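To start, the structure itself, in structure tokens.
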Amino acid sequence: MEKAVSEEIIRVEDLYLNFYTYEGVVKALDGVSLNIKRGEILGVVGETGCGKSVTSLSILKIVVPPGKIEGGQIKFNVKGKTYNMLEFNEPTMSRVRGRYISMVFQEPRAALNPVYSVGDQIGEVFYLHRKEEIIKAVIEQLRKEVETAKGFRKRVLRLYLSLYERMLKNPKSLRVRLASKIPILRRFRNLMKKEVRKRTVELLRTLRIPDPERVVDMYPHELSGGMAQRCVIAMALVANPILLIADEPTTNLDVTVQAQILVLIRELQKKLGSTILYITHDLGVVAELCDRVAVMYAGNVVEIADVMTLFKEPLHPYTQGLLESIPRPGKPFTSIPGIVPSLINPPPGCRFNERCKYAMDICWKQKPPLVEAGKEHYVACHLYSGGK
Amino acid sequence: MKFKVPERLQPTIREIKFILRRIKDTPLSLFGIAIVMFFVVIAAFAPLLAPPVPGLNPYLIPSDPALGFRVEPSPPSPKHPFGTTLLQRDIYYGCIWGTRWAFQVALEVIIPIVAIGVVLGLIAGYYGGVIDEILMRFTDIILAFPGLILAMCLVTVLTQANWTTIDSVLLSIILIGWPGYTRLIRGETLRVRNEDYIEAARASGASDLRIMFRHILPNTIYSIIIVASLDFGGIVLTTAALSFLGLGAPTGWADWGRLIYDGMGFVSGGLRWWWSWVYPGVFISLFVLGWSLLGDALRDVLDPLYRRK
């Protein structure tokens, strides 16, 4: 495990992102830097509007206008090579999305299209990213059947086999596309549909969905929140992605269901060895689930550390305040004074300066860089940058 | 042996039952459906109900030479149940074949309009920005003119350019009709575009085309169906209006509007030649009424905001 952890798969460097609204330019991300290592669960915590979700959307490059990435790099390590994802064009990105990086959304029922059954939607991702595998499986099955079949059926199966082989060789083959449009002949696609369905059911079963054969044909409105979230997770796991981004996947669920989903996520992570970027504002979940934590505030990463280190010795005044404001029985309720600054006109220097009890002159003049204050413990605060 | 419904079809059957009950409960919907079915039957069996003269275009109303070439209409008789109009053309024949013609016109117009509207509306709503702006200003230009007057201008121009009057009527109605659908679908696309499941589809690697046609379109299709069925009668009314103004079908064509136009000269006679304008008028009114009622019925059934009330 130790060896695997050291390898970085995503490194976000100095990411700037603005929203161009009528009220002005919202500087939503102001030089965000963080890294995700293979096999870990990285938690990203912060208040609403601090840029957690936007960071994850930028990694997939699905920020919608008026949002625009203004600068920085997102380095993506895959098969021993490093790419800057911000330089990828749209077709390349759509191969990355779902295949290498996929995402689980906050509101499970909204993340499923109401007009398609669960099986259709999970199946679509199979078609998008694992079509070759499915065609190969169908061809293998057909070869076996052709040997035993007789007479007319044998001819039909041979025709199907030739079509599938052509499809494997050239996915855009005109003959296959034409055949897919002709009634009756079109039925050769049913074999592929069956295979996809079989795999979908298997996938749902690994996610411990009861009675998956029935759930495959259900529509989103027929599912409970927890079930819907499992289906969304299934959709994200179809292609065995290297990185799974989970954007508050349990926020809208009951506590008991939330616990089930968390256990499931941890199990899947152990079993598949995938890497997870877990976005939440729930520090309890972070403590429970994550290996490392990045704390964000007003568009900045203010602290990144191992989960134990962060909870034991938080360095940044914001992290300290955040941990203190967790309600505990018998303790007076505390909160961080002041409010989050407007991101249209953020204060100069450190964005936390207005609310920080240790604020110094320099905090109003200079933005603190992210420095290593302890082993693998990074913090962006002038209290610590002087000493190092 | 009892037929057992597979369990996964249960919701579909429940839905169909719901729709049928809903229709049964609203007599107006039933009435609308009955009218439309009535016209469908007439259109389908037109060659049996009013056999055309062999060798002639069936849409041309034959004259009855037995009544001579008098201009004034002849009253209803066993041979001509609805009487005859100008030049002894059989009104019954005109009304029957006019039904088929009405369906043909409405389909030939509604299909291209919906196709254009879907494609342009999806593009405008999904991409937004400059593309949206350009397309919407185009629709604004066309919507700025009163529809019928613009259609009249277009028909006049197109006939001058050697188009047949019928083709130019169809084309001009298509040209004035597409902006409405484009706007409708653009609006629906804007509503659906920002839903989470669209973002989820993008996050799982679906291309723009796939998102537009597989994820957005099915979520907007209900409003298209409703508006299209309401428009079905409207289009026939517009062609009839153009015919009535003398710009549409040529004289003798089995078109309700043209029949009324032919009968217009005899309105001055009071009720003396009533059959020459009453029968085609009744056909047009019923046709439009039927489709509006059907559209309302579809809205009751399909529109999620109305349905569970």
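Could I have the simple spin-label model distance between B:Phe69 and A:Lys181, label points 7 Å from Cα toward Cβ, reported in nm to one decimal?
Going by the 7 Å Cα→Cβ label model, 5.2 nm.
What do you get for trypsin sites (Lys or Arg not before Pro) in region B:70-99 restricted to DSSP loop and a cutoff of at most 13 other Cβ within 10 Å of the site's Cβ?
Within region B:70-99, the qualifying trypsin sites (Lys or Arg not before Pro) (loop, at most 13 other Cβ atoms within 10 Å) are B:Arg70, B:Lys79.
How much length is gained if the chain between B:Thr251 and B:Thr164 is pulled fully straight, taking 0.36 nm per residue apart and subtracting their Cα-Cα distance, in nm to one decimal?
30.0 nm
Based on the mean of other Cβ atoms within 10 Å per residue, sort peptides A:183-196, A:307-320 so the most packed one is first. Spell out each step's value before the answer.
On the way: A:183-196: 15.4, A:307-320: 19.3.
Those peptides, ordered most packed to least, come out A:307-320, A:183-196.
Filter A:Lys75/A:Lys172; A:Lys52/A:Lys193; A:Lys52/A:Lys312; A:Lys169/A:Lys194; A:Lys79/A:Lys312; A:Lys172/A:Lys194 down to the pairs with a C-alpha to C-alpha distance above 27 Å, please. Mind showing how you got there, number by number?
On the way: A:Lys75/A:Lys172 32 Å; A:Lys52/A:Lys193 38 Å; A:Lys52/A:Lys312 23 Å; A:Lys169/A:Lys194 21 Å; A:Lys79/A:Lys312 36 Å; A:Lys172/A:Lys194 21 Å.
A:Lys75/A:Lys172; A:Lys52/A:Lys193; A:Lys79/A:Lys312, as the Cα separations exceed 27 Å there.
For A:Asn345 and A:Phe88, what is the calculated FRET efficiency with R₀ set at 35 Å and r taken between the beta-carbons, to the nearest 0.05?
Efficiency for this residue pair is about 0.60.
Which value in nm describes the separation of the simple spin-label points at B:Leu271 and B:Thr26, placed 7 Å from the Cα toward the beta carbon?
3.7
Could you pull the Rg and Dmax for region B:165-210, using just the Cα atoms, both in Å?
Spelled out, the Cα radius of gyration and Dmax of region B:165-210 are 16.8, 51 Å.
Given Cβ point charges of +1 (Lys, Arg) and -1 (Asp, Glu) and nothing else, what value in debye, to the nearest 20, does the dipole of chain A about its Cα centre take?
Approximately 2680 debye in magnitude.
Only residues of region B:181-198 count here: report those whose backbone N is under 16 Å from the spot 7 Å along Cα→Cβ of A:Thr251, or say none.
B:195-197
Compute the semi-axes of the equivalent ellipsoid of the protein assembly as shown, taking the square root of 5 times each eigenvalue of the Cα gyration tensor, and list them largest first in whole Å.
64, 32, 23
Let me have the 222 nm mean residue ellipticity of chain A computed from DSSP H runs of 4+ only, each contributing -39500 (n - 2.57), with the sum over all residues rounded to the nearest 500.
On the way: 15 runs with 153 residues, N = 388.
Counting only the DSSP helices, I get -11500 deg cm²/dmol.
When the helices in chain B are scored as -39500 (n - 2.57) per DSSP H run of 4 or longer and the sum is shared across all residues, what 222 nm value do you end up with, to the nearest 500 deg cm²/dmol?
Numbers: 12 runs with 211 residues, N = 309.
Taking each H run of at least 4 residues, the total per residue is -23000 deg cm²/dmol.
Please report, in debye to the nearest 20, how large the charge dipole of region A:97-236 is about its Cα centre when each Lys and Arg carries +1 at its beta carbon and each Asp and Glu carries -1 there.
It works out to roughly 940 debye.
Could you state the per residue volume, in Å³, of the convex hull enclosing the Cα atoms of region B:19-307?
Given the Cα convex hull of region B:19-307, per-residue volume reads 171 Å³.
Apply the Debye scattering formula to chain A, with a single equal point scatterer on each alpha-carbon and no solvent, then give log10 I(q)/I(0) at q = 0.07, 0.08, 0.13 Å⁻¹.
-0.40, -0.50, -1.11
Looking at B:Ser243, B:Thr26, B:Gly263, which one has the Cα that reaches farthest to the positive end of the dipole of region B:19-307 (charges on Cβ: Lys, Arg +1; Asp, Glu -1)?
Of B:Ser243, B:Thr26, B:Gly263, it is B:Thr26.
Find how many whole Å separate the alpha carbon centroid of region A:248-271 from the alpha carbon centroid of region A:309-359.
After rounding, the separation between the Cα centres reads 28 Å.
Could you work out, residue by residue across A:105-115, how many beta carbons of other chains sit within 10 Å of that residue's beta carbon, and then give the average as an integer?
5
Considering every residue in B:190-201, what mean count of other chain Cβ atoms within 10 Å of its Cβ is obtained?
6
Taking loop as defined by DSSP and a crowding limit of 12 other beta carbons within 10 Å, which GluC sites (Glu not before Pro) in region A:1-95 fit?
Values: sites: A:Glu2, A:Glu7, A:Glu8, A:Glu13, A:Glu23, A:Glu40, A:Glu47, A:Glu70, A:Glu87; in loops: A:Glu7, A:Glu23, A:Glu40, A:Glu47.
Taking region A:1-95 and a limit of 12 other Cβ atoms within 10 Å, the loop GluC sites (Glu not before Pro) found are A:Glu7, A:Glu23.
If each residue of separation counts as 0.36 nm, what is the full-extension length gain between A:Tyr219 and A:Asn77 once their alpha-carbon separation is subtracted?
Here the answer is 47.4 nm.
Select from chain B the helices, each a whole stretch of DSSP H, whose alpha-carbon atoms run 24 Å or more along the helix axis and whose Kyte-Doolittle mean is at least -0.5; answer none if there are none. Intermediate values should be presented prior to the final figure.
Details: long enough: B:27-44 (25 Å, 2.59); B:91-127 (52 Å, 1.45); B:165-193 (41 Å, 0.56); B:217-244 (39 Å, 1.50); B:275-302 (40 Å, 1.10).
Once both thresholds are applied, what remains is B:27-44, B:91-127, B:165-193, B:217-244, B:275-302.
Would you work out which of B:Ala200, B:Pro65, B:Gly187 lies farthest towards the positive end of the dipole of region B:19-307? Charges go on Cβ: Lys and Arg +1, Asp and Glu -1.
So the residue we want is B:Pro65.
Convex hull volume of the Cα atoms in region A:120-200, per residue, in Å³?
Measuring per residue, one finds 89 Å³ for the Cα hull of region A:120-200.
Which FRET efficiency value, to the nearest 0.05, is calculated for A:Ile362 and A:Glu13 with the Förster distance at 22 angstrom and r the Cβ-Cβ distance?
Working from the Cβ atoms, E equals 0.40.
Among A:52-61, A:293-302, what's the highest-first ranking by average C-beta atoms within 10 angstrom per residue?
Final packing ranking: A:293-302, A:52-61.
Taking each residue of A:61-69 in turn, how many C-beta atoms of other protein chains fall within 10 Å of its C-beta, and what is the average?
Working: counts 1, 5, 0, 6, 3, 0, 0, 0, 0.
Average neighbour count from other chains, rounded to a whole number: 2.
Between A:Gln141 and B:Ala34, take the C-beta separation as r, use R0 = 41 Å, and let me know the FRET efficiency to the nearest 0.05.
Calculated transfer efficiency: 0.20.
Just order A:171-180, A:329-338 by mean Cβ neighbour count inside 10 Å, highest at the front, would you?
A:171-180, A:329-338
How many nm is it between the label spots at A:Arg155 and A:Leu174, if each spot is 7 Å from the Cα in line with the beta carbon?
Result: 2.6 nm between the two label points.
List the chymotrypsin sites (Phe, Trp or Tyr not before Pro) within region A:1-82 that DSSP assigns to loop and that have no more than 10 neighbouring Cβ atoms inside 10 Å.
Passing sites in region A:1-82 are A:Tyr22.
Throughout, read-outs are computed from the coordinates displayed, never taken from laboratory work. No experiment lies behind these values; they were computed from the predicted model shown. Positions of Cβ are backbone-derived with ideal geometry, glycine not excepted, and every protein chain shown enters the neighbour counts.
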